[in-house]
Amino acid sequence: MRKFERIWIVAIIAGALLAGLPIVVVERATNAYIERNAKSRLESFAHGALGLADARLDQTANLLVDLLKVKVEDCSAVSMETMRRALYGAAPAREIAVIDDDGRMLCSTAGNNTEQRAISREVTQPNRPFALAVMRFRDHDERALRLRIERAGERTLAAIIPVNGLLADILPAERRGRRLRLMLEEGDPAQAEDRSLEYGQTIAATVRSPRFPIMLVAEYSRVAMAEEYEDVLLVARLFPTVVSFFLILFSWLSVRRHRVDPASALHQALDAGEIVPFFQPIVDVKTGRLKAAEVLARWRRPDGTLVMPHSFIPVAEKTGQIYELTRILMRRARDEVGAAFAVRPSLRLGFNLCAGHFANATIIGDVRQIFTGSPISFKQLLFEVTERDPLPDLAEARRVISALQGLGCKVAIDDYGTGHGGMSYLLKLGVDCIKIDKMFVDAISTERYSQTIIETLIDLARNMRMEIVAEGVETFEQVEYLRSKGINTAQGFLFAPPLPASSFLALVEAMEKPRLSVVESEPSPLPAVGAGAA
Ligand code: C2E
Ligand code: CA
Ligand code: CA
């Protein structure tokens, strides 16, 4: 089962990684696609805007050339009026100025305010007679382009075109999250910074005019881009999530298909003889002699690994396989260590029973069938009823216990102090022995209440003529305390852990010489509490 749990964990981790992969891959691919798509759309948007600006500059240049052709090139009232009229039809240009051969502005359709307003150098074009400069538009914050016709050594005209006019009517809906910046080719910005929008991070496209020394930088805020492509992102996220879901489902199903259900695994183990008895010695701490052994179930897998009872006893109890398991253990224990018990009649062998065993008389038949005429006599048998799980029917339990005692067997309350029965079990069940749970033995040196409980138990056991065994003894200090209270029978790792039959038999040989005395004359193998206590 441990192995299975490991496979489960590995499968879950692998599944999670596998499931996460499509999400990461699709997310990356989608982001790359969105960026490419947005950039190419931004470029065509910039090209469109630039084409419009070029056309408007062309139109304005033609207007100036036409005026010069008809000699409208001075500051006279008539010329000014002609220029103003010409401006009516020329959308973006707002002002025409007369420029002398030194480049100074002499007069303008906007009045005689001729102060120098240029804020950039003038950029000329090699093959075309146009020069462009950035200037303030009147006294506004707004910027304008000044388009001047070049005429060497002669008076000439220039048109002043507000930049916003040049870029006007560029699809207002398209402008959400976008901004355009016009620049002279030299890099002089022809616009004041637009602070109306917080752009954050942007993607940008730059296009240059083939006709005038200007360029346009179009930017698109990533926030707006994410909003615009929301639906694409949603689909892109939904798709791998669905794929991941199916991957997880698939790996779960495939793991489940290989998963053996624990009940049938135990069934097979029982059939294959993989459930074996281990034997834990119970000793007399005063004399150091072996008094008994408790049979503890182990699942020995074909690969040699041992599975501990907590992993399969609960399953066996739930499915009812515990009855077959108990019979198998009794038979195997009888066959494996019977010979050693036959020549040591005072040695006792204990088996664990569950609550279900005390609900009817089946166990009596089993014990009788397995041990009648066997090397192990009924008198050598001890059955443990745990206090951890409640007994469903105390009266029936009492009858089963009496029947076992009638055969000559002893009955003990196991894990005493941990569970349901307490005092009433002791009074009503009529058991022969109490096994004090490891919990109390562990608490001997630290908790005063534990000592009080043990002392009370000892008094009780004495009065009821019951034996006491201390479980889970691990230190000499515990042994010393138990001995001082007259508890001389103990079980625990200090003496020996549960052993396989071969090791247990070797230990028995070393500790207990065979005594072929008559069983009947043998004194009680577990001496009464307090007997021999100092
Ligand atoms: P339990 O009947 O109380 O058995 C004593 C448990 O304490 C055993 O664990 C034993 O190995 C362990 N133990 C003994 N001395 C020490 C010690 O000094 N220190 C510590 N830490 N542990 C010690 P195990 O073999 O794992 O058995 C666990 C439980 O499984 C048993 O507790 C018993 O309730 C159940 N079990 C084992 N075999 C069977 C069986 O054949 N039938 C039934 N119904 N239950 C069984
Ligand atoms: Ca036990
Ligand atoms: Ca116990």
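Based on protein heavy atoms only, the chain ends up with 50 Å² per residue of surface accessible to a 1.4 Å probe.
Pairing the Cα long axis of helix 322-342 with the longest principal axis of the chain, what angle in degrees results, from 0 to 90 and rounded to the nearest 10? Approximately 50 degrees, to the nearest 10. The figure for residue 261 is an accessible area of roughly 80 square angstrom, using a 1.4 Å probe on the protein chains alone. Of the whole protein surface, residue 310 contributes about 120 Å² of accessible area at a 1.4 Å probe radius.
Think of region 31-91 as having a plus end and a minus end, set by charges on the Cβ of Lys, Arg, Asp and Glu; of 38, 83, 57, 38 sits farthest toward the positive end of this dipole. The count of lysine pairs in the chain whose Cα atoms are under 21 Å apart, excluding pairs fewer than 8 places apart on the same chain, comes to 17. In the context of the full protein assembly, residue 322 retains an accessible surface of approximately 10 Å², using a probe radius of 1.4 Å and ignoring ligands and nucleic acids.
For the chain, the fraction of 1.4 Å probe accessible surface lying on carbon and sulfur atoms is 56 percent.
Backbone amide hydrogens, once placed in the peptide plane, bring residue 417 within less than 5 Å of 422, excluding anything fewer than 5 places away on its chain. Axis of helix 2-69 versus longest Cα principal axis of the chain: the two differ by about 10°, to the nearest ten degrees. Using only alpha carbons, the chain has a radius of gyration to Kirkwood radius ratio (Rg to Rh) of 1.56. Ordering 40, 254 by accessible surface, largest first, gives 40, 254; the 1.4 Å probe counts only protein heavy atoms, with every chain in place. By its C-alpha gyration tensor, with a ≥ b ≥ c as the square roots of the eigenvalues, how is region 343-448 shaped: rounded for a/c under 1.5, else prolate for a/b larger than b/c, else oblate? Because a/c hits 1.5 or more and a/b fails to exceed b/c, region 343-448 counts as oblate.
Helix 501-511 against the longest principal axis of the chain: what's the angle in degrees, Cα atoms only, rounded to the nearest 10? Roughly 50 degrees, rounded to the nearest 10.
Largest accessible area first, the listed residues 410, 71, 286 line up as 71, 286, 410 when surface is computed with a 1.4 Å probe on the assembled protein chains.
Each residue of region 401-416 was assigned a 3J(HN,Hα) from its phi angle through the Karplus expression (A = 6.51, B = -1.76, C = 1.60, θ = phi - 60°), giving 4, 4, 5, 5, 5, x, 6, x, 7, 9, 10, 10, 8, 8, 6, 5 Hz with x at Gly and Pro. Computed about the Cα centre, the dipole magnitude for the chain is approximately 1040 debye when only Lys and Arg (+1) and Asp and Glu (-1) carry charge, each at its Cβ.
Using a 4.7 Å Cβ-Cβ cutoff, the cysteines of the chain lacking any partner cysteine are 354, 409, 433.
In the chain, Cα pairs under 8 Å separated by at least six residues give a relative contact order of 11 percent.
The values are calculated or read from the model by the stated rules, or taken from the named source; none is laboratory data. All of these numbers come straight from a predicted model, not from anything done at the bench. A quick note on method: Cβ atoms are made from the backbone with ideal geometry, for glycine too, and the neighbour counts reach across all protein chains shown. Areas reflect the complete protein model, heavy atoms only, side chains present, ligands, DNA and RNA absent. Shrake-Rupley method; radii C 1.70, N 1.55, O 1.52, S 1.80 Å.
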